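Quick notes on the structure that follows.
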Amino acid sequence: MARGRQQRDAKAAALAALGKDLSRRAGSACELCGGKDEPRPHRVPPPEEASLDTAILACASCREQLDGGRLLDPEDLRFLATVIWSEVPPVQVAAVRLLRRVMALDVDWAVEANDGLWLDEEMEERIGG
Ligand SMILES: [Zn+2]
């Protein structure tokens, strides 16, 4: 048990250590919606190791949705149609995952955005089902 906690603490520390670099990359705003409500590093695995390639800076609302929380009104998530084209891989992964949850609600703009998106196999694999 103690070992599990140590590993979790190490992961949290590794993620926190990225905060500065992530803030710089993100201009201290949420990398998904651009919001400034408590932006903090958020892991976007795989892979599991916390790095600039597997973490984003995300606001409280986006973090909650990424963790599987209830989605905002789809109208408030339209920013995803643009962010899914991000050239920062973890941002793109996180945005596509959220977009596909919106799409599952039969929201027209989300279906269209996903139809127009091209991703290579590696990225599709990373995003997962
Ligand atoms: Zn956000």
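Points to keep in mind about this one:
- Test: residue in the stretch 8-20 that is modelled with pLDDT under 95, closer than 23 Å to W118 by Cα and more than 13 Å from the ligand (Cβ to nearest atom): no
- Per-region count, the stretch 91-129, residues small (G, A, S) and under 18 Å from P47 (Cβ atoms): 3
- Taking the numbered list (1) over 19 Å from R126 (Cβ atoms); (2) within 15 Å of the ligand (Cβ to nearest atom) in turn, V107 passes all entries but (2).
- Residues that are within 10 Å of the ligand (Cβ to nearest atom) and small (G, A, S) within the stretch 49-78 comprise A58, A60, S61, listed in sequence order.
- Unique match (being more than 10 Å from the ligand (Cβ to nearest atom), in a loop (DSSP other than H, G, I, E, B) and in contact (Cβ under 8 Å) with a residue 24 or more places away in the chain) among S23, S86: S86
The values are calculated or read from the model by the stated rules, or taken from the named source; none is laboratory data. This one's a predicted model, so the numbers in the text were calculated from it and none came from an experiment. Here the Cβ is made from the backbone with ideal geometry for all residues, glycine too, and neighbour counts use every protein chain on show.
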